[in-house]
1. Amide H neighbours of Gly138 under 5 Å, counting only residues 5+ apart in sequence or on other chains, H built in-plane at 1.01 Å?
2. Amide H neighbours of Gly90 under 5 Å, at least 5 residues apart or on other chains, H built in the peptide plane: list them.
3. Hey, can you rank 122-128, 112-118 by average C-beta count inside 10 Å, highest first?
4. When DSSP beta bridges are limited to those with both residues in region 52-271, what percentage is antiparallel, rounded to the nearest 5?
5. Among the trypsin sites (Lys or Arg not before Pro) within region 141-216, which fall in a DSSP loop and have no more than 12 other Cβ atoms within 10 Å of their own Cβ?
6. Of all the Cα-Cα pairs you can form in region 52-271, what percent are over 30 Å apart?
7. Taking a virtual spin label 7 Å from the Cα of Lys131 along the C-beta vector, which residues in region 189-217 bring their backbone nitrogen under 20 Å of it?
8. Check Ser62: other-chain or 5+ apart residues with amide H under 5 Å from its amide H, H built from backbone geometry?
Amino acid sequence: MAIASVSDQEIESFLRLFNGDAEQAAKVLRNYDLQKKHAQKKPNQVAPSGPIVVRLQDVTKSYKVGRQTVEALRGASLDIRQGEFVALTGASGSGKSTLLQLIGGLDKPTAGIVEVDGVNLKKMRDGKLSKFRNQTIGFVFQFFYLQPFLKVSTNLEVPGMFARTKKTERREQSRTLAEAVGISDRMEHLPRELSGGQMQRAAIARALLNRPKLLLADEPTGNLDSINGKAIIDLFETIRKKYNTTIIVVTHDPAIAVRADREITLKDGAII
């Protein structure tokens, strides 16, 4: 209801609910307005009901820095379901990237359980863990990590080479993904001949080559302007809808966080 259409009598009735405390009443209205605006940004959002793809239970991670012990994560617990688009937010040093690395099997927790697709990563030996990562998890980073001396077409096929996928199959898959991310006309170019947005699209296509259930992205728009950054998040949403891929993005950008199904904020190594 617009303020202009509210009568004095209605205002008085509303204030009586707060014993005449206008400041408290205004606070409630502000909170309601913020919640309403947030809901309007995602009018069609439906809570994911698929199986749990990521589960963390009381996860801690400590590092030795000289004589000091730094607690990067303190008792983190969460569940993320198939098809969810989740944003990890928080200040620098809050534990976001550490959490992403543990989920990706790039590091192991000091204590607690990290499960991906029902597998306890801590219990896996390095060889099996590497194979599991290649088959189940795709990685996208702020720095694109494309091989500068390889054409885009070959860059996209690299995960398939490690997975020993047949050449014809991985070539067909790379072409399909290049078309899906909008770089099919750049396949014979070297990375240096691409724009930043095109390089990130190539990195995303490469991450999807083995059809992973989980896509992890660490500041994927950090080196892009706002237009290309928005295009990459649009692409993530398209990928999620098309392949039912679970996507977890570390970001400082509130414009990205609000596009996610869920925002998980960390502070001093703890989920808040």
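1. Residues meeting the amide H criterion: Leu214, Leu215, Leu216.
2. Answer set, sorted by chain and number: Leu266.
3. Highest-to-lowest ranking by the protection proxy: 112-118, 122-128.
4. Approximately 50 percent, going by the DSSP bridge assignments.
5. Hits after loop and neighbour filter: Arg164, Lys166.
6. When all Cα pairs of region 52-271 are counted, 23 percent exceed 30 Å.
7. 209-214
8. Amide H neighbours of Ser62, under 5 Å, 5+ apart: Ala72, Thr110.
Taken together, the values in this text are just the output of simple stated rules run on the coordinates, not laboratory data. Everything numeric in this text was worked out from a predicted model, so none of it was measured. As a convention, Cβ positions derive from the backbone with ideal geometry for all residues, glycine included, and neighbour counts pool all protein chains shown.
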